[in-house]
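What follows is a short report on a single structure.
The values are calculated or read from the model by the stated rules, or taken from the named source; none is laboratory data. Since we're looking at a predicted model, the values are computed, not measured. Glycine also receives a Cβ, built like all others from the backbone with ideal geometry; neighbour counts cover every protein chain displayed.
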Amino acid sequence: MTPKPLNSRTHDLLGSVLGIGALALLVLSPWLVDTTGPDPFYKGPLLFPLITLGLILAGSVPSLFRLVRPGDARWYLDGLGRPVRAARVLVCLVLFLGGLVVFGLEISTLVFLAVALKLVGQDSRAKMVLVPLLVTVILTVIFKQLLGVWFPEPLVISFFTE
Amino acid sequence: MFEHMMDGFYAAFSLANLVSLVFGSFVGVVVGILPGLGPMVGMVVLLPFTFSFPPDIALSLLLGVFCGGYFGGAIPAVLLRTPGVPSSIVTSFDGYPLTQKGQAQAALSAALLGSFGGGVISVLILMFLAPVLAHVAASFGPPEYFTVAFFGVVLVVMAFRSQLGRGIMLLGLGFWFSTVGIDGTTLSERYVFGTLAMQNGLDIVPICLGLFGIGQTLILVEQNIMKTDHVHLSRSTLDFSQLWQALRYWKTLIRSGVIGTFVGLLPGTGSILASFLSYDTAKRLSPEKERFGHGTPEGCIASEAGNNAVPAGAMIPLLTLGIPGDALSAVLLGVFTINGIYPGPLLLVKEPVLISTLYFSMLLINVAAFAMLIIWLRPFAMIVKVPGRLLAVVIMVVSMVGIYAVNTRLFDAGVAVAMGVLGYVLLRMGWPVVTLVMGVVLGEIMENRLRQTLSLGEGSLMILFQRPICVVLLVLTVLTIAVPLIRDTRNARKNARLPA
């Protein structure tokens, strides 16, 4: 039998992390918000952040209590397994962002799509060649040619031209 | 008035607007058909492209995705019992049994006629009701706006009252995200942690795109949502004779469209409730009650008319009060504000042509989506065979490049990835992500209204109790919180007393 989310320690852990984070920000807010302006407190920049952080903290109290006194709760996400494949694709996505700076849009898109398609099991030769090529061409035409979006010069090219 | 309506009519029929709304409807139908994506993903992926468009074109494009998504959602619900959008699950109650009996055409005709009728009825109600509500709201000052926004967020949070703590936490987190960066009123830095990139704040676009675009596609990568790809349709277009037969249920169609519009009008209620309520009402009032659940076109009409009436219903509080009813209309609010247009009662006075264009565009979107599905029913139905994981990976890269293109800042793309992780975790855990989006969108509005209210009251909120509209809204807010909680407590006690 799968436990309800309310009996999940994983859910309570996330709630508690949010609550503790909010508490830390609440304490540090006078230093993280510039309050040197002439406005009284009720017109100033600190009031609303304090309310919002207070809301997070208030909402996290039940999670904090349940985390400390778990009762019959156990570690449980949603019963659909560990997010291994999603984590791998996510790492690729982060590398893709770095790749935009180092290698540029075209190479990064081609490599990301080829690797990500392999990771998600869409690894027939046709898909791994055609899809990256097609998407790269479409993105380049739309963003670079039609919309005229500026992309930084790839570091690799700068390295060789200097 | 008539002149503005005519200007809006002509603007809606301009080539650019027609292309925009037809393309938007097409994308909407496609993402609606694909289980696991839905109109939200379609809207946030297209969002970065809209910044180079005039507001009417941008809104037509996104409204096309919004409404088209509900049209498309019915197809897999009827053919595969897999709803393309969550609210279409109700359509599958009668649609799938009809498909099993070899009457898929009858089910699809009823569902699409329901979607079309519900959409048109709700736009007509929007055209009538929005000016009335705007007239009432014209006398609103900052305290009234603040209490309306407060009432709206309370409604949304209470809609998820089984997860009250989580809803409050996410709402607070959304509000907090809206405070990061340089405060527009005092020009003070807030939570920038000494970085230049954070001074611009956390933009709503990367947040929404991350939470829904990246978060949802990461889920699609992880879970193979489609259970079958076995699609069988006797002909490639919709059978017109079945459409005429479905028109027998015109009373159900009108009633469900009205129910859906008024459900959509209330923040936080959503299209699932609209579908259920319309279906349940149709079942109770039908002379053929016993056929419900075993395959009747009337059930398909009721649920689809109900859920397709929600987009126009949600536009009523958005246009007249600036309060989005759900996450999808929150994204639309973002488009308005990015273009320097602030929805509220004055919007109908200041931008009458834009509003008229929107009305006619919404009518045209319903016609476009309906026509597309009638003509290309089988090709659209075959979309369910496209591997979800392949699409997910492509959507991710398009989202990343799109989000970079908005401000040519890699920081925004980084924010989208971070929000994608948060969205993935929250969506998998089933937390109410919509409250987070509402917080982000309404944060700045609520903060400004709160400051103005406090300035009027010289630091005191007692001013709220001196204004009749505020008092009424505050009483409604208290009742919205108290009544369901008392009822839940009573039910829990009653259940506890029952023998096991």
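Below, the figures for the structure above:
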| item | result |
| --- | --- |
| Single residue of segment A:101-118 satisfying the filter (under 27 Å from B:Val386 (Cβ atoms) and touching a residue at least 24 places away in the same chain (Cβ under 8 Å)) that is nearest to the chain's Cα centre (by Cα) | A:Ala116 |
| Members of segment B:89-112 found to be surrounded by fewer than 24 Cβ atoms within 10 Å (Cβ to Cβ) and closer than 22 Å to B:Ala368 by Cβ, listed by number | B:Gln105 |
| The listed residue being within 14 Å of chain A (Cβ to nearest Cβ) and either touching an Asp or Glu at 6+ places or on another chain (Cβ under 7 Å) or surrounded by 21 or more Cβ atoms within 10 Å (Cβ to Cβ) (or both), out of B:Ser188, B:Ser115 | B:Ser188 |
| Matching residues, segment B:155-167, being touching a residue at least 60 places away in the same chain (Cβ under 8 Å) and either within 8 Å of chain A (Cβ to nearest Cβ) or surrounded by 24 or more Cβ atoms within 10 Å (Cβ to Cβ) (or both) | B:Val156, B:Val157, B:Gln163, B:Arg166, B:Gly167 |
| B:Pro86 vs. criteria closer than 21 Å to B:Gly388 by Cβ and crowded, with 24+ Cβ neighbours inside 10 Å | no |
| Filtered residue count, segment A:85-94, keeping only those that are among the β-branched types (Val, Ile, Thr) and either at the interface with chain B (Cβ under 10 Å from one of its Cβ atoms) or touching a residue at least 24 places away in the same chain (Cβ under 8 Å) (or both) | 2 |
| Answer from B:Leu426, B:Leu473 - the residue that is under 19 Å from B:Leu266 (Cβ atoms) and surrounded by 13 or more Cβ atoms within 10 Å (Cβ to Cβ) | B:Leu473 |
| Of all residues making up segment B:191-222, the number that are buried (at least 20 other Cβ atoms within 10 Å of the Cβ), among the aliphatic types (A, V, I, L, M) and assigned to a loop (DSSP other than H, G, I, E, B) | 1 |
| Answer from B:Thr296, B:Thr320, B:Thr252 - the residue that is more than 19 Å from B:Ser109 (Cβ to Cβ), in contact (Cβ under 8 Å) with a residue 40 or more places away in the chain and buried (at least 24 other Cβ atoms within 10 Å of the Cβ) | B:Thr320 |
| Given (1) part of a helix (DSSP H, G or I); (2) touching a residue at least 24 places away in the same chain (Cβ under 8 Å), number of the condition B:Thr185 does not satisfy | (1) |
| Checklist (1) in contact (Cβ under 8 Å) with a residue 60 or more places away in the chain; (2) touching a Phe, Trp or Tyr at 6+ places or on another chain (Cβ under 8 Å) applied to B:Val441, failing item | (2) |
| Criterion violated by A:Asp12 - all others in (1) within 9 Å of chain B (Cβ to nearest Cβ); (2) over 27 Å from B:Gly184 (Cα atoms); (3) surrounded by 17 or more Cβ atoms within 10 Å (Cβ to Cβ) satisfied | (1) |
| From the options B:Val401, B:Val415, B:Val434, residue that is crowded, with 16+ Cβ neighbours inside 10 Å and at the interface with chain A (Cβ under 9 Å from one of its Cβ atoms) | B:Val401 |
| From B:Arg467, B:Arg428, residue being more than 18 Å from B:Ser178 (Cβ to Cβ), of a type in the set (D, E, K, R) and within 9 Å of another protein chain (Cβ to nearest Cβ) | B:Arg428 |
| Residue count, segment B:47-83 (criterion: without any contact (Cβ under 8 Å) to a residue 60 or more places away in the chain and surrounded by 24 or more Cβ atoms within 10 Å (Cβ to Cβ)) | 5 |
| Complete set of residues in segment A:25-84 that are at the interface with chain B (Cβ under 7 Å from one of its Cβ atoms), among the small types (Gly, Ala, Ser) and over 24 Å from the mean Cα position of the chain (by Cα) | A:Gly37, A:Gly44, A:Ala58 |
| Count of segment A:82-117 residues which are under 16 Å from A:Val135 (Cα atoms) and either surrounded by fewer than 22 Cβ atoms within 10 Å (Cβ to Cβ) or of a type outside the set (Val, Ile, Thr) (or both) | 16 |
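Per-residue answers, yes or no, for (1) part of a helix (DSSP H, G or I); (2) at pLDDT 90 or above; (3) more than 23 Å from A:Val137 (Cα to Cα); (4) more than 22 Å from the chain's Cα centre (by Cα):
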residue	(1), (2), (3), (4)
B:Met382	yes, no, yes, yes
B:Ile395	yes, no, no, no
B:Ser399	yes, no, no, no
B:Leu422	yes, yes, yes, no
B:Val440	yes, no, yes, no
B:Thr453	yes, yes, yes, yes
B:Met462	yes, yes, yes, yes
B:Val471	yes, yes, yes, yes
B:Val475	yes, yes, yes, yes
